[in-house]
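Here the structure is laid out as structure tokens; the discussion comes afterwards.
The values are calculated or read from the model by the stated rules, or taken from the named source; none is laboratory data. What you see is a predicted model, and the numbers here were worked out from it, not measured in a lab. When we count neighbours, we look across all protein chains shown, and the Cβ atoms used for this are built from the backbone with ideal geometry, even at glycine. Heavy atoms of the whole protein, side chains included, go into the accessibility calculation; ligands, DNA and RNA do not. Shrake-Rupley method; radii C 1.70, N 1.55, O 1.52, S 1.80 Å.
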Amino acid sequence: MTPSFNADTIIKQIDAGMFRPMGNVVARALLEKIGFYHEIIVQHDKGAAIEWLPGTDELWTQIYALPVDQQGALRLVANLTQPEGELDGYSAELFLLWARQQKLSENDIGEAFGILVDGSYPL
């Protein structure tokens, strides 16, 4: 039987300084688990520079055209256009929201953050 994992514990671990996940790594892992395709993902995976102006490009037009509860996957894609950095608790909370909007399981969310299903971290 697979242990049950509550992804909300990720926020507490980040806020306590016990865990420092990298935003683009987590966003890409979540998008892979969702099975979402977007040209920006292809460019990111190739290591290409992604140029855009926040709030004015086609990606944000696509995001804002959707109801808020359906924007999650595209908002994760938007993260791939940002320089890599550690997620703080607030940003991680948004990632959890967006992953849950896409109906990912708690275990899938934890794995995307790099946490093993039993709550431990890989070496």
Could you go through segment 41-55 and let me know if any residue there is within 10 Å of the chain's Cα centre (by Cα) and open to solvent by less than 90 Å² (accessible area, probe 1.4 Å).
no
Of all residues in segment 60-73 being part of a loop (DSSP other than H, G, I, E, B) and farther than 14 Å from residue 27 by Cβ, which is most open to solvent (accessible area, probe 1.4 Å)?
65
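Condition check ((1) touching a helix residue (DSSP H, G or I) at 6+ places or on another chain (Cβ under 6 Å); (2) part of a helix (DSSP H, G or I); (3) without any contact (Cβ under 8 Å) to a residue 40 or more places away in the chain) across all residues:
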{"site": "14", "(1), (2), (3)": "yes, yes, no"}
{"site": "28", "(1), (2), (3)": "no, yes, no"}
{"site": "43", "(1), (2), (3)": "no, yes, yes"}
{"site": "48", "(1), (2), (3)": "no, no, yes"}
{"site": "75", "(1), (2), (3)": "yes, yes, yes"}
{"site": "82", "(1), (2), (3)": "no, no, no"}
{"site": "98", "(1), (2), (3)": "yes, yes, no"}
Out of segment 90-109, which residues are over 14 Å from residue 29 (Cα atoms) and in contact with a Lys or Arg (Cβ under 8 Å, 6 or more places away or on another chain)?
94
